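The values are calculated or read from the model by the stated rules, or taken from the named source; none is laboratory data. Owing to the predicted nature of the structure, the values given are computational and were not obtained by experimental measurement. Don't worry about glycine lacking a Cβ; one is built from the backbone with ideal geometry, like all the others, and counts go over all protein chains shown. Ligands, DNA and RNA are excluded from the accessible area calculation, which covers all protein heavy atoms including side chains. Shrake-Rupley method; radii C 1.70, N 1.55, O 1.52, S 1.80 Å.
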Amino acid sequence: MAMAMEMENKVYVAINSDLHDGFLTLQWTLKRWNSNSHPITIVILYASNNICKDYVITPMGKLPVGSLNEEKLKDLEKFEEAKDEKILWRYKVFCGNVKVEAIKIERYDKFIQKFMVDLINGLKITKLVMSLTFMKPSSWKSRSAISGSFYVHRQKPEYCELFIVCGGKLVFLREGLIEDDQGIMVAKTRSMRQSFRDLVIKMFPENNSKLKNQSDSNSSSSTSNGEFYQWEKYKEEIENYFCQLLSTNFEEIGDFVADETVQKKNNITEIVITEHMTVQEKKDALRIKFMKIKEAIHVSKEEAKSHVEGQAKAQWAITLCIRRAEEIDGCINDEIAQKPDLKRELDATKDELSELHTEVEVTKSKLSLILELQRELSNKMQLSSLARSRAEVQVEKALKQRTDTLQEIEEFRKQRDVLRRRIEFCREKDAISNATMLMEPRFEYKEFSAAEIRAATDGFSERMRLKSGGDWTDVYKARLHHISVAIKLYSSADVDSEDTFQAKVKLLSHIRHPHMVSMIGYCSELRCIVFEYMHNGCLRDMLFSGNRGSKRRNEVLNWQARIYIVANVCTGLCFLHRVKPRPVAHGNLNPSKILLDRNNVAKIHGVRTPLSCDKSDIRSDIRAYGNLVLQILTGRNWVGLVEEAIMMDQSKLIEVLDPMAGEWPLDIALELGRIGIKCLSIHEDRELNMTSLAREVEKVKKLADEIVPNGECVVAKGRYLDGDEDSTEFPNFFLCPIFQEVMRNPHVAADGFSYELEAIQEWLRTGRDTSPMTNLKLKDQHLTPNHSLRALIQDSLKKRPTSTR
């Protein structure tokens, strides 16, 4: 800010060695800006009188530089420097108390105006006062001073204020004129003296197409072109002559100053002859004066000669101009003659313009309609873009909702898997509790009293009586020691003596298998046997249509559950046929003899009392099993119609599949149908046993497991052994979830599942902290021995190699 203020307070004054003009210029500057309230700093731009490269000015006139030796040149330079210092000192004294700075400018005539423009830009000059004589070159051509002033005025930056002072007065540069503050012209530039030249340019235009076209129409093209180029040549010669005239004619104020200065020099160099001079001195003075007179005469002759030549050239130019004026008059007359034709052409052109104007108006109206349509389309496009953006937002919301829904579905799937594993665990727990109940001494073939039986059945009340297929049976539901049981009464027709009843009790007490209905106790007085209670009743009620309208109508078996029931029955029947020392035949296998617990695990009951059986009895059981398989597939009680319908064409089985079971996989349904037909086709000469059937059924069950993951169907699952081992099925809860082998030392982890101790310890030792079953984080790593499951497994293993007891 301070620097800007300092630059605004500086006033640059450009002056030269002319003391009179310099004092007048400084006086005008001080009068305009200097005041006590706003002091200024004057920076003098002083143009020094440099020695010219070609000549030097001496009291004897201009002398060539080569005529002086180096010492005299140096002395002359020192003299000029001392002279400049003295002039600058006088300028500073003239300014009085005003702060003055000085900048010397080396003067070269050809570049002074360009140098001043560069100096203004370099010093960021905002106020410049320039004397008109500052731009005057050493050759005293004031024309260059005026043109230089105009050059600085045009090329200076806008922030610079230029003030030109002449004789102590402010002058203005306006359209080629230099005027003072009263509007009086002081001088004019070369451009104001161009009236003659303008006349020549008008008479000899560079591109006078009309004259050229006229000459083409009146004469041949070669003659007219020659005349045109000849007049072009004349025009250039006249312009050169005019320039010579202008160079000798100066009307600027500097001409008077130059003449006055030359007159002073002539007075200085004038030689006065006095009486005191010697004869030799007088002769020398007369000789010099004679030489000057002779030189003046020579100059006068040259001027007279040049005037004669100029007069001749002027006469020649006048003649040419007269001829050109006559030609132009002829052209004008021709144009006047052509004026009617041109008028007609003009009228025709106006008519065409009117038609074009009409067409333009029509086009404008069409364009306005198009623009209106464009605006409508633009509005519609904006609306569509807005609708599109809204639709995109809705799509994004829908995608986000879909993503959230998929995440929720994934969470539900995880929860479903956890629930399935918990259901499996609950099943295992129920099975363990049932097995434990069977192993407890108080329930192991306990003989109940008649009072206990009557109390449990409420005196054999009809409401405790169970139905099967809509018919009443001799089975009652009861509760003994807080456990649901089924009590079956045997009539004299079923058991004719006490020995027969005891034999039946003994037989049932030795049958211990997960897919055989277990006996809990008996009562000899009432001749009844206590069995475990099967919550879902018999298979006949679930399959056949006779019971479809009952209260359990919605409790249907899907195809996965039916496959597991086929496998469960096969396992139980295989167990009866493989007992030692003699196999046991069921003798009456049908859907009413298959009971289902709350998890739809199938168990066989109703084994006949005689223990002895032969191969025909085994084949009868196999045929009954085949018939049972087809009944499970179709949901119909075929009885003896199977051989007549299905065995003739196996593909007809697809048409009679039970729709209540859902959409059967065709390969699985056909495979089960093949197994059923195979069992029905058994003959005496063909060997077929339940062990081989168990392998085939196991393959079908594995196919179902591949289609539906474990836990989808609500039945308990076990595994079958290879042919080298015993094929009796082990319950799934006997198997370690990690090793998939029968556990020897089961322990309960924090997730509630039982594992082999070695397996779960190795699982935790590797750094895992999640459940192998649920994949959820374990609360702790405490392991609790499962003594009940261990006792059940050991008891099952002990009884495997033995037969009945």
message: 5 Å is the cut-off here: which amide hydrogens, built 1.01 Å from N in the peptide plane, fall below it relative to THR41, excluding neighbours closer than 5 in sequence?
response: LYS10, VAL11
task: Work out the P(r) tail for segment 733-799: percent of alpha carbon pairs separated by more than 14 Å, whole number.
output: 54 percent
message: Taking a cut-off of 22 Å, what percent of all Cα-Cα pairs in segment 444-533 are separated by more than that?
response: 24 percent
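Can you tell me the length gained on complete extension of the stretch SER492 to GLU411, counting 0.36 nm per residue apart and subtracting the Cα distance?
23.1 nm
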field: For segment 444-533, accessible area per residue (1.4 Å probe, heavy atoms of protein chains only), Å²
entry: 48 Å²
message: Please compare each pair in LYS343/LYS366; LYS92/LYS169; LYS488/LYS678; LYS31/LYS127; LYS603/LYS678 to a cut-off of 26 Å on the Cα-Cα distance and tell me which ones are over it.
response: LYS343/LYS366; LYS488/LYS678
- request: Give the distance, in whole Å, between the Cα centre of segment 487-504 and the Cα centre of segment 350-364.
  value: 127 Å
Segment 733-799: relative contact order in percent, alpha carbon pairs under 8 Å with at least 6 residues between: 36 percent
- prompt: If you rank ASP458, ASP417 by how much accessible surface each has, with a 1.4 Å probe, what is the order from largest down?
  reply: ASP458, ASP417
query: So what's the convex hull volume per residue for the Cα atoms of segment 303-377, in Å³?
result: 127 Å³
Heavy atoms of ILE511: accessible area, 1.4 Å probe, square angstrom to 10: 10 Å²
task: Once you have the Cα-Cα distance between ILE423 and GLN27, take 0.36 nm times their residue separation minus that, and quote the gain in nm to one decimal.
output: 130.7 nm
query: Tell me, what is the FRET efficiency for ASN333 and LEU353 to the nearest 0.05, using R0 = 30 angstrom and their Cβ-Cβ distance as r?
result: 0.55
- line: Amide H contacts under 5 Å for LEU778, restricted to residues at least 5 apart in sequence or on another chain and with H modeled in the peptide plane, are THR770, SER771
- prompt: Cross-link list LYS86/LYS114; LYS83/LYS136; LYS72/LYS292; LYS446/LYS504; LYS446/LYS580; LYS78/LYS99: which exceed 23 angstrom alpha carbon to alpha carbon?
  reply: LYS86/LYS114; LYS72/LYS292; LYS446/LYS580; LYS78/LYS99
message: If every alpha-carbon in segment 330-441 counts as one equal scatterer, what log10 I(q)/I(0) does Debye give at q = 0.13, 0.17, 0.24 1/Å?
response: -0.87, -0.99, -1.17
message: Please give me the summed charge of the neighbours of GLN781: other residues whose Cβ is under 14 Å from its Cβ, Lys and Arg +1, Asp and Glu -1.
response: 0
Residue-by-residue Karplus 3J(HN,Hα) for segment 344-352, coefficients 6.51, -1.76, 1.60, Hz, glycine and proline x: 4, 4, 5, 4, 4, 5, 5, 4, 4
message: Probe radius 1.4 Å, ligands and nucleic acids ignored: give me the carbon and sulfur share of the accessible area of segment 481-542 as a rounded percent.
response: 48 percent
FRET E, pair LEU797, THR403, Förster distance 56 Å, beta-carbon r, rounded to 0.05: 0.60
message: At a 10 angstrom cut-off on C-beta neighbours, averaged per residue, how do the peptides 527-539, 383-395 rank from highest to lowest?
response: 527-539, 383-395
